[in-house]
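The values are calculated or read from the model by the stated rules, or taken from the named source; none is laboratory data. Being a predicted model, the structure only gives us computed values, none of them experimental. Side chains are part of the model used for accessible areas, which takes the heavy atoms of the whole protein and leaves out ligands, DNA and RNA. Shrake-Rupley method; radii C 1.70, N 1.55, O 1.52, S 1.80 Å.
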Amino acid sequence: MTQRQLIVAGKNGCGQCILPVAQSIDVPTLASLDWLDDDRLVLRAAGGDGFTLLLDDKAHVHAVGYNYNGQLGRGHANDDDPDNRIPRPVTGIGNVRIVQIAAGYAHCAAVTESGQLLTWGWNDYGQCGTGAAGGNVLVATRCAVGALADDVRVAFVACGFNHTVALTSDGGVIVFGHNVFGQLGTGNNERQPTPVLLTCAALDGMHIVGCAAGGTFTMLVSDEGRVFAM
């Protein structure tokens, strides 16, 4: 039988390390997985500012920790709810199978098996890609505006501090959110609440297969091994 293990460390003020203590975890420690049903396995984990996302082997997403901007996807932004300390399924996903997750400062994204993109959490800079900046997205919501039309399949997503980068199955790059440092690569410093396809001379003819989003920068990797930064 495969052994289930999740190793955690760091601040645990709201249970984001999935341990029943309030103090920080100073050394790598096994987290409790008793809350998982039917001997499920944790396949992926993503950490934001004081919260944690977990993807299990049944393609379900769970969240735990701080929830001041609705980043747990529970339909509210009540940060005082003691239930926030217990991993719970993200609301709004339903029976859709999730294959990848990402967490920013206080927003989240998930890619479905069919290539759709779901987002939730803090949206003041348009980082949830709803087409408008402001407020919180309290449940996982399909992002289907701008460049994320119905026929676009997302293969991967990364979340920066307040911006989001998604790769399409045909090697395209879609960006949205905060852009004060040019982290979206759109050639300006304006926030972008509507997802747009990234186009520039440097990427012309490139097939992008990897991306990473830092706090205020983005890295891209092509199938030829070329690296781009903005």
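Averaging over all projection directions, the Cα-based convex hull of the chain occupies 12.9 nm² in the image plane.
Shape verdict for region 1-48, please, from the Cα gyration tensor: rounded (a/c under 1.5), prolate (a/b greater than b/c) or oblate. Prolate shape, in that a/c is at least 1.5 and a/b is the bigger ratio. Averaging the sequence gap over all C-alpha pairs within less than 8 Å and six or more residues apart, then dividing by the number of residues, gives region 1-114 a relative contact order of 22 percent.
Largest accessible area first, the residues 7, 25 order themselves as 7, 25 under a 1.4 Å probe with ligands, DNA and RNA left out. Phi angles across region 160-177 convert, under the Karplus curve 6.51 cos²θ - 1.76 cosθ + 1.60 with θ = phi - 60°, into 3J(HN,Hα) values of x, 4, 9, 9, 9, 10, 10, 9, 8, 5, 9, x, x, 10, 10, 10, 6, x Hz, Gly and Pro given as x. Averaging the sequence gap over all C-alpha pairs within less than 8 Å and six or more residues apart, then dividing by the number of residues, gives the chain a relative contact order of 12 percent.
Inverting the pair-averaged 1/r between distinct Cα atoms of region 117-199 gives 12.3 Å as its Kirkwood hydrodynamic radius. Quick check: from the Cα gyration tensor, does region 168-218 come out rounded (a/c under 1.5), prolate or oblate? Here region 168-218 falls in the prolate category.
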